[in-house]
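In what follows, a single structure is set out as structure tokens and then discussed.
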Amino acid sequence: MSLTVVANRVPIRATDNGWETSVGGLTTALLPVLEEQGGIWVGMGEEPDLPVRQPFPADDPDFLVRRVPLTEDELDGYYYGMANRVLWPLSHYMIQHLDLHEGFIETYRDVNRQFAEATLDESPTGDDEVIWIQDYHLMLAPRLIRQERPRATIGHFWHIPWPAMEVYRILPWARELLRGMLGCDLIGFHVEEYVENFKESARVLLGAEVSDHAVHFDGHTTRVEAHPIGIEVDRFEQMSEDEVVVEKAQKLRQRLGTEHIVIGIDRLDYTKGVLSRLEAFEQFLEENPEYHGRVSFYQIATPSRTKVESYQQLKREVDEAVGRINGQFARDNWVPVNYRYRTYTQFELCAFYRAADAALITPLRDGMNVVTQEFITATQNGVLILSELTGAAYLLPEALQVNPYDQNGLARSIKEALEMPDADRRERLTGLKQSVRELDVHRWAQAFLSSLTA
Ligand code: GDG
């Protein structure tokens, strides 16, 4: 097999020590495959001076990084426009954030064509040619590649939810984008529900014929399967048992000084439900004065897409909510909400996971949510409160599941988590840890690739 991965971002970054591979689920899952057998990774070049072709590592290359250099206008239309202001809100059912501009799709078409051309330039032709495209940034590339390479094996993994057909069809370019995707041999989603939504979209909007796990359209069959992504379980387990992490977790508990700690860890994104979570915590404090001074909520929000106005607005609203709650409830040495708007390393995150008695992971929608899996791996006896509107919820029935739009229910679940008997906690956590182990990200990559090449 000759593998070419095509993704929005390349898997390496410049650091003070030279070029290094970046940290992240996708990179972690795919680099071992590329390192073992060689291959190519195509991604965008965000800065003008970076080389278009960069063998990596430089001294003894395992694979080739091929950049698609984008101008600022292209980045604005394709990434900040079509990807972040159209496909992201639509797929998460947040149509109030939709910003539909003809200019976005025009640039998106052009950039997808550039990705397809770069892929065709680099990927060696032949019967064992395998191309694996990632995510909603690249919906048109599969068909463009297929037109030039009818015999190539082309896969696509979609990392976010595929919405219900009636929501997807709001998109003026819904049919064109579906046709683009159907250039693939295999499309992967996290869970069966997204598979069903995709098939329904193809059936209704394109008149495609659908069968159990396939869509037949225009003389070509595309298989559509659920491949839930996982994390690197062993690495997270090791990190969370590291003595530096254990000590950091203890220090955090001492510093906060409360009996209970609840954490939230998210990119600051309107899909992650940070604001409604804070409001639910506020209601919990209003209704349960006996917990005043006894519980701290620690919310880490990583800056994300800061150029997009709706993200700037969300930041203001979260700042305001934190100020309001602390203004009303803080007393003596107790600060009810500890809020950090910054990026942490995964090593540092493990200390937070380990220090917490409960994690409040309540997105309004999420394709999977792997913070959930990281918490489960790192915690020793924590309770997971999980939004039922995440992909993870389908796979983790032992979590305390909540509807993130139900503020009363959310507030009640915080109390339930804090008061959960030890035996119940242990039993749930055993089941959760078992499921997360089965979801391991290396298995995910292997399972997708073996289905793709079967
Ligand atoms: C999309 C889908 C799906 C590192 N530093 C920080 C930080 N990280 C890492 C976390 C975690 C990852 O970022 C965030 O993962 P999520 O799954 O929550 O989310 P998205 O970024 O929205 O990713 C999602 C995923 O793709 C994989 O298919 O699960 O549904 O939306 O690994 O350790 N995270 C935070 N702060 C840091 O400082 N929050």
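The values are calculated or read from the model by the stated rules, or taken from the named source; none is laboratory data. Everything quoted here is computed from the prediction, not taken from an experiment. Glycine also receives a Cβ, built like all others from the backbone with ideal geometry; neighbour counts cover every protein chain displayed. Protein only, heavy atoms only, side chains kept; ligands, DNA and RNA dropped before computing areas. Shrake-Rupley method; radii C 1.70, N 1.55, O 1.52, S 1.80 Å.
Couplings for segment 82-93, taken from phi via the Karplus curve 6.51 cos²θ - 1.76 cosθ + 1.60 with θ = phi - 60°, read 4, 6, 7, 9, 10, 5, 5, x, 4, 5, 9, 6 Hz in order; Gly and Pro are left as x. When a 1.4 Å probe is rolled over the protein heavy atoms, the share of accessible surface on the chain that falls to carbon and sulfur comes to 46 percent. The relative contact order of segment 292-342, computed from alpha carbon pairs under 8 Å that lie at least 6 residues apart in sequence, is 62 percent. Each Cα pair under 8 Å and six or more residues apart adds its separation to the average, and for segment 303-454 the resulting relative contact order is 16 percent.
Across segment 68-80, computed HN-Hα scalar couplings (Karplus, 6.51 cos²θ - 1.76 cosθ + 1.60, θ = phi - 60°) run 10, x, 10, 6, 4, 5, 5, 4, 4, x, 6, 8, 5 Hz from first to last residue, x flagging Gly and Pro. Using a cut-off of 30 Å between Cα atoms, the listed pairs Lys307/Lys415; Lys307/Lys433; Lys251/Lys307; Lys315/Lys433; Lys251/Lys415 include Lys307/Lys415; Lys307/Lys433; Lys251/Lys307; Lys315/Lys433 as exceeding that distance.
Note down the accessible area of Arg426, probe 1.4 Å, to the nearest 10 Å². It works out to around 140 Å². Using the alpha-carbon positions of segment 233-438, Rg (one decimal) and Dmax (whole number) come out as 15.9, 47 Å.
Note on segment 325-454: dipole from Cβ charges, positive end direction compared against Val383, Thr362, Val337; the farthest Cα belongs to Val337. Using just its DSSP H runs of length 4 or more, each adding -39500 (n - 2.57), the chain gives a mean residue ellipticity at 222 nm of -13500 deg cm²/dmol after division by all residues.
Looking at the chain, the accessible area is 41 square angstrom per residue; that uses a 1.4 Å probe and ignores ligands, DNA and RNA.
Peptide packing for 51-62, 254-265 was compared via the average number of neighbouring C-beta atoms within 10 Å per residue; ordered from the highest value, the list is 254-265, 51-62.
Across the chain, the relative contact order, built from alpha-carbon pairs under 8 Å that are at least six residues apart, equals 13 percent.
About its Cα centre, the dipole of segment 233-438 is roughly 560 debye, where the only charges are +1 on Lys and Arg Cβ and -1 on Asp and Glu Cβ.
Residues Asp366, Asp73, ordered by accessible area of protein heavy atoms at a 1.4 angstrom probe radius and largest first, appear as Asp73, Asp366.
Each label point was placed 7 Å from the Cα along the Cα-to-Cβ direction; for Arg316 and Asp234 their separation is 4.9 nm. Restricted to Cα atoms, the chain shows a radius of gyration and a Dmax of 22.5, 71 angstrom.
Can you tell me which aspartates and glutamates have their Cα less than 13 Å from the Cα of Lys199? Leave out same-chain residues fewer than eight positions away. In chain and number order, the partners are Glu166, Glu209, Asp212, Glu225.
Evaluating 6.51 cos²θ - 1.76 cosθ + 1.60 at θ = phi - 60° for every residue in segment 356-372, the Karplus couplings come out as 7, 8, 8, 10, 10, 10, 10, x, 6, 6, 7, x, 10, 5, 8, 4, 3 Hz, glycine and proline recorded as x.
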